[in-house]
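**Q** Let me give you the structure first, and then I'll get to my questions.
The values are calculated or read from the model by the stated rules, or taken from the named source; none is laboratory data. Bear in mind the structure is a predicted one, so any value in this text is a computation, not a measurement. Please note: Cβ atoms are built from the backbone with ideal geometry, for glycine as well, and neighbour counts cover all protein chains shown. For the accessible areas, the whole protein counts, side chains as well, though only heavy atoms, and no ligand, DNA or RNA atoms are used. Shrake-Rupley method; radii C 1.70, N 1.55, O 1.52, S 1.80 Å.
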Amino acid sequence: MGSVYGRTTMRIGIAGAQSVGKTTLLNALRSEPEFKDYEICNEVTRRVNSYGLPINEEGNDITQRLIMQEHIVNVFMYDNMITDRTVLDGFVYSSYLLTGQKINANTYLYADRIFERVINYYDLLFYIPPEFDIKDDGVRSTDIKFRDDIANLFEYIINERMVPTIHLQGTVRERVGQVLKFVKEKNEST
């Protein structure tokens, strides 16, 4: 947590596989008074998809490079922000796509370098594991095996790279309560 012109700043990331409730949680947090001055950074992957580029298990070199760029912008443009995807997400999906030879080694190394340089700029990083069935929204993948493979990669990378994350579970209201608790604790510790 930093300080800009004497005021406290906080960058909050919400990470996890598709269809775990990241955007739902982000939308619920919008209405909380604690976040009235926060920039809400959502739909990173959907924005890239709106350019006509493939996402999910069909992502490619261009997709992953653009997504990682979006994460850099979100972290360095806003003093107070909450995002429903993070550099952790970008790196996890890049790792998956590398194993399926959908991206080349240079793109993976690019994602890895950005991950290493940016991950510690999040003051709080929340991870949501899969708890619910996938809902088809016409954009996200509905392939359960893909989601489970991604969730397993999240767990592996979080542990392997010692990424400080807070696991969230429960209903949307329970998750909101957990986020508010950790934000309050972080604010009180500075």
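**Q** Probe radius 1.4 Å, ligands and nucleic acids ignored: give me the carbon and sulfur share of the accessible area of the chain as a rounded percent.
**A** Values: 4710 of 9450 Å².
Ligands and nucleic acids excluded, carbon and sulfur give 50 percent.
**Q** Classify the range 116-183: rounded, prolate or oblate, from the alpha-carbon gyration tensor (a ≥ b ≥ c, eigenvalue square roots; a/c under 1.5 rounded; otherwise prolate if a/b is larger than b/c)?
**A** Details: a/c = 2.07, a/b = 1.21, b/c = 1.70.
Because a/c hits 1.5 or more and a/b fails to exceed b/c, the range 116-183 counts as oblate.
**Q** Could I ask something else about it? Tell me the mean residue ellipticity at 222 nm calculated for the chain from its helices only (DSSP H runs of n ≥ 4, each -39500 (n - 2.57), averaged over every residue, nearest 500). The partial results should precede the final answer.
**A** Details: 7 runs with 94 residues, N = 190.
So the calculated ellipticity at 222 nm is -16000 deg cm²/dmol.
**Q** Quote the FRET efficiency, to the nearest 0.05, computed for residue 133 versus residue 167 with a Förster distance R0 of 22 Å and r equal to the Cβ-Cβ distance.
**A** Values: r = 20 Å, r/R0 = 0.89.
With R0 = 22 Å, the Cβ-Cβ based efficiency is 0.65.
**Q** Averaged per residue, what accessible area in Å² does the chain show with a 1.4 Å probe, protein chains only? Please report the intermediate quantities before stating the final value.
**A** Values: 9450 Å² over 190 residues.
Ligands and nucleic acids excluded, the figure is 50 Å² per residue.
**Q** Tell me, what does the Kirkwood hydrodynamic radius of the range 28-81 come to in angstroms if you use every pair of distinct C-alpha atoms? Intermediate results must be reported in sequence, preceding the final value.
**A** Details: mean 1/r = 0.0802 Å⁻¹.
Its Kirkwood hydrodynamic radius stands at 12.5 Å.
**Q** Next up: Please compute the length gained on full extension between residue 142 and residue 40, using 0.36 nm multiplied by the number of residues separating them and subtracting their Cα-Cα distance. Don't skip to the answer; put the middle values down first.
**A** Numbers: separation 102, 0.36 × 102 = 36.72 nm, distance 2.55 nm.
Length difference between fully extended and current span is 34.2 nm.
**Q** Still on this structure, please answer the following. Which length gain, in nm to one decimal place, applies between residue 189 and residue 69 when the Cα-Cα distance is subtracted from 0.36 nm times their residue separation? Walk me through the numbers on the way to the answer.
**A** Details: separation 120, 0.36 × 120 = 43.20 nm, distance 3.12 nm.
The residue 189-residue 69 span can extend by a further 40.1 nm.
**Q** What FRET efficiency, computed as 1/(1 + (r/R0)^6) with R0 = 22 Å and r the Cβ-Cβ distance, is obtained for residue 112 and residue 77, rounded to the nearest 0.05? Walk me through the numbers before you get to the answer.
**A** On the way: r = 22 Å, r/R0 = 1.01.
Efficiency, rounded to the nearest 0.05: 0.50.
**Q** Taking springs between alpha-carbon atoms closer than 10 angstrom, which of 163, 118, 44 fluctuates most in the Gaussian network model of the chain?
**A** 163
**Q** Tell me the label only: which of (i) -0.46, -1.41; (ii) -0.60, -1.39; (iii) -0.54, -1.44 is log10 I(q)/I(0) by the Debye sum over Cα atoms at q = 0.11, 0.19 Å⁻¹ as calculated from this structure?
**A** The calculated read-out lines up with (i).
**Q** All other residues with a Cβ under 15 Å from the Cβ of residue 102 taken together, and with Lys, Arg as +1 and Asp, Glu as -1, what is their net charge?
**A** Details: positive: 65; negative: 57, 58, 61, 143, 149.
In short, -4.
**Q** On to the next question. In nanometres, what is the gap between the two model label sites at residue 104 and residue 28, each 7 Å from Cα along Cα-to-Cβ?
**A** Simple spin-label model gives 4.4 nm for this pair.
**Q** Which longest uninterrupted range of the chain lacks any chymotrypsin sites (Phe, Trp or Tyr not before Pro) assigned by DSSP to a loop state (not H, G, I, E or B) and surrounded by at most 14 other Cβ atoms within 10 Å? Don't skip to the end; give the middle numbers.
**A** Details: sites that count: 5, 51, 132.
Answer from the scan: 52-131.
**Q** Taking Cα pairs under 8 Å and at least six residues apart, what relative contact order does the chain come out at, in percent?
**A** Working: 269 pairs, mean separation 58.3, N = 190.
After rounding, I find 31 percent.
**Q** When the chain is modelled as a GNM with alpha-carbon springs shorter than 10 Å, which of 73, 92, 176 fluctuates the most?
**A** Highest fluctuation of the listed residues: 73.
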